[in-house]
2 protein chains.
Amino acid sequence: MSCNEKGAEQNPRPVFSRSDMEISKAKEVFKAGLKLSEAYRHASVVMNYDSMTAAPKNAAAYFGADMALLSGEARKVKLDKDFIEAVETLCAHAGELDGITRREAEEEMRGLERIRAIPAEEHAAYRRLLGVSFAKWQEAKRRDDFALFEPYLDEVISACRRMAQLAAPETDPYDYWLNENEEGASTQMLDGFFALLKRELVPLIAAVSECEKPDASFLHAYFPKAEQQKFSLELMDLMGIDRDRCSLGEAEHPYTTFISRSDVRMTTHYYERYAAANMFSVIHEGGHALYELNVGEELKGSPLAHGASAGMHESQSRFYENIIGRSREFAELVLPLMKKHFPEQFSGVDAEGFYRAVNRVEPSLKRTEADELTYCLHIMIRYELEKRLLHGELKAADVPAEWNRLYKEYLGLDVPNDREGCLQDMHWGSGLTGYFPTYALGNAYGAQIAAALEKRVNVWELVRRGGLPEITAVLTEGIYRFGKLKTPAQLIEGFCGEGFEPRYYIEYLKEKYGAL
Amino acid sequence: MSCNEKGAEQNPRPVFSRSDMEISKAKEVFKAGLKLSEAYRHASVVMNYDSMTAAPKNAAAYFGADMALLSGEARKVKLDKDFIEAVETLCAHAGELDGITRREAEEEMRGLERIRAIPAEEHAAYRRLLGVSFAKWQEAKRRDDFALFEPYLDEVISACRRMAQLAAPETDPYDYWLNENEEGASTQMLDGFFALLKRELVPLIAAVSECEKPDASFLHAYFPKAEQQKFSLELMDLMGIDRDRCSLGEAEHPYTTFISRSDVRMTTHYYERYAAANMFSVIHEGGHALYELNVGEELKGSPLAHGASAGMHESQSRFYENIIGRSREFAELVLPLMKKHFPEQFSGVDAEGFYRAVNRVEPSLKRTEADELTYCLHIMIRYELEKRLLHGELKAADVPAEWNRLYKEYLGLDVPNDREGCLQDMHWGSGLTGYFPTYALGNAYGAQIAAALEKRVNVWELVRRGGLPEITAVLTEGIYRFGKLKTPAQLIEGFCGEGFEPRYYIEYLKEKYGAL
């Protein structure tokens, strides 16, 4: 039972025996618990960020054990009996709460129900299993030996299935995990989405693959790191990212970390022989950053003060990276900045040439290096496989052959080995079952949001004249400021005036790549 | 009563009522508490480091509150009744413990006695006072208006006196704070030390000040930051600092932070118009780093796995910075490295010229910018003033005039304003009463250790041929590996074969600067 449903009841029955706390007291205990829990989150996020950016190589020796101890302490905050009583009290009186507290209590209740459904020993065994399976995946990938990982993948999938059945016995286990990763996602929704993608994109990709490739050689000149760093900061300014609240660090695999709307950390990676890598990292991570930097001030300190979901976050990073960042208008806007920092490297390059170069399509084996057009097919392959694994229709032993078959069918590629094939991603070894689809949903949400945005402002005129902050302002008003106060479905409905519609994404890709 | 004394008793009386825990159980509870407490320390150190190096400017808004919450949680670990019972049990059986556990328990008992002596409200009021007084100091310094800080300085001094009387009623309050900051330090010890310094150094400085100054203009050429960064890493290698366990970051005011022997973070600051600043920061912080990196492996994870005291730490940073780093032999060693990175800037400079330039003496107003010869006189002035403040012989209102009088007397300088005078340091506003003398003790320990070292190895031959790791190995064997397992006095006695002797320091300075 969610808090929401309970609050809506006319005559709530006394379901929870200990709900004799006063509401004001409950609110106080609840808010104090959330505050402390956020402080632990703050520490853990900073320690993780530090470990990826600043820590010396051997720091890991102590890092893991200390993080585990602190995360144990953080868990205790949520399992404290006064805190639980406060959550129950608030949920029994949901109708009397302000919107923020109500949503916070609802989220905590979901977490509590999950904790209660899964016995502590089961959960601990699962954490241990993930520790081992992740290490086995690393080893298997390093040695290109799937057999090392195979039994652990089967075990992880079984454990995920069992936990889904405990937590939601009446739900399909894969649906359970999809919804855990993206509120509202289901196989029904995704089957439709991917069927459409398959029907429309596979032939388009095959057609594009046969066309002549545009020249992108100028992107592979020499771009000194120090100059790329200066360019990156000016690119952040161009995007309207407040650098007093958002820093740019370096990491092997760029990502963005969120502490609060006053403290966001983007990272990038500089390749001196490929200018586009850093540029699109900054724009992609900048999309994540803009979302977090523009969450409403009134959510300050609340666990709701972050982007609504993984999919919604990805929608914004992909929107800025691809829909904006790989547009003709953005090429016109950014090329002079590129030329300011790299005049020789870009001499003779015009906006149209730049636009074509950064939109070069080439089916490839690696998801993380895929272009905009082929990216979602990589996700579709993973979706099909993990759905069948969860449903027991596939064993881990079948994964390599099925992986290779699907890469051939959808992308026309022969997979030479498992390291570059089914061992490339860390997700399955880490128990992130059902996470991949959020990447594809992000792309589709982003295209739908872009279509709605075009009805409100002249997006392309704004991009051409550097008015990105005006675009962000519209997204802030309609999406960002709500943080996690609304679900992804509510945000899409609110901004677009209709439910999730993958056709915008297909239309966008067909129009863009048809023309190219 | 310290654990040590108790363990030495033949027939220990049952002083602690609840010591009915078994020793093995007590040890388990105790070690688990220490481990958790170290994990909190790890988080707080990383968060502090991050806030100084990587965090965006506005991150502070959330940082302080979250740090305070977590430090409250960390305190609870030490106040947990099982943990206290374990400490008491172990102290009642000190004779049966291994050396590490015994010293750990002794340290915890000291902490517990402090907590018990000072009522919680008193302690909380003191923390609040320090929060305000620090802010007032900042404001007073910014506005150059001592009157803003004056009443708070009086309050901080009164509070320090009161707490000293509660914690150690039979001890002189300034002696209490000296010993809190450096185990074994006292007014008796420091009065003798500073009297000697005053007698010997004041005339020496006056004489040196009248000599012609060596040319140091070449240190103020243009030194691009990127090249200084490369130089710094090679300088770390030259010092034998393992960069897999120690990183070099950037901070406004360079410092070193210690997480474990696998994770040390040095910082430096690059001035493009002054090459010596970064070079000596790296060497100074490198001394701190070498101490921490060489603490014994068997202390891993223990709160004892760090340098013995503030003074001992400073002795090593100053040893490397001044005794080694500002020696003729080091000038010969490092100049080729400087010339490799800055050939034009150092063209025509020889080792002797470099040596003279980095040893230029010039009495100045600011402690943090003082040269080796005048540094301790800055500390002596602060020592005299804080001793009289604690003894009630001076009011805050008298500080500016007394400060200025002493700067004239000892350094021959007129202090133009309080911002560059008695408001320059953050210590008094932060309640760091009795901390300054550790800096001077560090210098004196360092010279005494250097003298003992010269009896064991040919220090100058080693420096000349780049054998710094061999010097570190001797210091590791005699000092570093013990961490906090021994007191500063035990370490000095053990390494030098006699107790603390400030005359080595005076002799060193007289010999060096007499010749220059």
Hey, could you check segment B:172-219 for residues that are in contact (Cβ under 8 Å) with a residue 12 or more places away in the chain and basic (Lys, Arg) and say which is farthest from B:Gly442 (Cα to Cα)? B:Lys213
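Could you say which residue among A:Glu182, A:Glu227 is within 30 Å of A:Arg265 (Cβ to Cβ), within 14 Å of chain B (Cβ to nearest Cβ) and acidic (Asp, Glu)?
On the way: A:Glu182 fails: within 14 Å of chain B (Cβ to nearest Cβ).
None of the other options fit; the residue is A:Glu227.
Criterion first (in a helix (DSSP H, G or I), aromatic (Phe, Trp, Tyr), within 12 Å of chain A (Cβ to nearest Cβ) and under 28 Å from the mean Cα position of the chain (by Cα)) does B:Tyr62 satisfy it?
Numbers: in a helix (DSSP H, G or I): yes; aromatic (Phe, Trp, Tyr): yes; within 12 Å of chain A (Cβ to nearest Cβ): yes; under 28 Å from the mean Cα position of the chain (by Cα): no.
It is false that B:Tyr62 is in a helix (DSSP H, G or I), aromatic (Phe, Trp, Tyr), within 12 Å of chain A (Cβ to nearest Cβ) and under 28 Å from the mean Cα position of the chain (by Cα).
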Out of all the residues in segment A:391-411, is one or more in contact (Cβ under 8 Å) with a residue 12 or more places away in the chain and over 30 Å from A:Asp175 (Cβ atoms)? no
Conditions first: (1) surrounded by fewer than 16 Cβ atoms within 10 Å (Cβ to Cβ); (2) in contact with an Asp or Glu (Cβ under 6 Å, 6 or more places away or on another chain). A:Glu393 passes all but one, so which condition is the exception? (2)
Quick one: how many residues across segment A:230-275 are of a type in the set (S, T, N, Q), more than 12 Å from chain B (Cβ to nearest Cβ) and more than 20 Å from the chain's Cα centre (by Cα)? 1
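Going by what's in this entry, would B:Glu183 be described as assigned to a loop (DSSP other than H, G, I, E, B) and not polar (S, T, N, Q)? Quick ask: steps written out before the conclusion?
Working: assigned to a loop (DSSP other than H, G, I, E, B): yes; not polar (S, T, N, Q): yes.
So B:Glu183 passes the test.
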Looking at segment B:32-59, which of its residues are part of a helix (DSSP H, G or I), among the aliphatic types (A, V, I, L, M) and either facing another protein chain (nearest Cβ under 8 Å) or farther than 23 Å from B:Leu248 by Cβ (or both)? B:Ala32, B:Leu34, B:Leu36, B:Ala39, B:Ala43, B:Val46, B:Met47, B:Ala59
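Only one residue in A:Tyr126, A:Tyr152 is under 24 Å from the mean Cα position of the chain (by Cα) and either assigned to a helix (DSSP H, G or I) or touching a residue at least 40 places away in the same chain (Cβ under 8 Å) (or both). Which one? Break it down stepwise before answering.
Numbers: A:Tyr152 fails: under 24 Å from the mean Cα position of the chain (by Cα).
Being under 24 Å from the mean Cα position of the chain (by Cα) and either assigned to a helix (DSSP H, G or I) or touching a residue at least 40 places away in the same chain (Cβ under 8 Å) (or both) holds for just one of A:Tyr126, A:Tyr152, which is A:Tyr126.
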Considering segment B:65-80, residues that are in contact (Cβ under 8 Å) with a residue 40 or more places away in the chain and either surrounded by 21 or more Cβ atoms within 10 Å (Cβ to Cβ) or not β-branched (Val, Ile, Thr) (or both), and then whichever is farthest from the other protein chains (Cβ to nearest Cβ), we arrive at B:Lys78
Looking at segment A:140-149, which of its residues are in a helix (DSSP H, G or I) and under 21 Å from A:Asp398 (Cβ atoms)? A:Ala140, A:Lys141, A:Arg143, A:Phe146, A:Ala147, A:Leu148, A:Phe149
Looking at segment B:357-409 only, could you name the residues that are of a type outside the set (A, V, I, L, M, F, W, C), at negative phi and assigned to a loop (DSSP other than H, G, I, E, B)? B:Asn359, B:Arg360, B:Glu362, B:Pro363, B:Ser364, B:Lys366, B:Asp371, B:Glu372, B:Thr374, B:His391, B:Glu393, B:Lys395
Just a yes or no: is a residue in segment A:101-123 crowded, with 21+ Cβ neighbours inside 10 Å, touching an Asp or Glu at 6+ places or on another chain (Cβ under 7 Å), assigned to a helix (DSSP H, G or I) and not acidic (Asp, Glu)? no
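Would you check if there is a residue in segment B:267-281 being among the aliphatic types (A, V, I, L, M) and under 17 Å from B:His42 (Cβ atoms)?
Just the residues of segment B:267-281 that are among the aliphatic types (A, V, I, L, M), to begin with: B:275-277, B:279.
If we keep only those that are under 17 Å from B:His42 (Cβ atoms) too, we end up with none.
Within segment B:267-281, not a single residue is among the aliphatic types (A, V, I, L, M) and under 17 Å from B:His42 (Cβ atoms).
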Quick check on segment A:106-124. Is at least one of its residues farther than 27 Å from A:Met67 by Cβ and small (Gly, Ala, Ser)? no
Given (1) in a helix (DSSP H, G or I); (2) in contact with a helix residue (DSSP H, G or I) (Cβ under 7 Å, 6 or more places away or on another chain), index of the condition A:Gly192 fails: (2)
Unmet requirement for B:Gly192, which otherwise passes all of (1) within 23 Å of B:Glu362 (Cα to Cα); (2) within 25 Å of the chain's Cα centre (by Cα); (3) of a type outside the set (S, T, N, Q): (1)
Residue under question is A:Met109, and the condition is that it be under 20 Å from A:Asn181 (Cα atoms) and either more than 24 Å from the chain's Cα centre (by Cα) or more than 9 Å from chain B (Cβ to nearest Cβ) (or both); does it hold? yes
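Taken together, the values in this text are just the output of simple stated rules run on the coordinates, not laboratory data. Note that the coordinates shown come from a computational prediction; the quantities given were computed from them, not determined experimentally. All Cβ positions, even for glycine, are placed from backbone atoms using ideal geometry, and neighbour counts span all protein chains on display.
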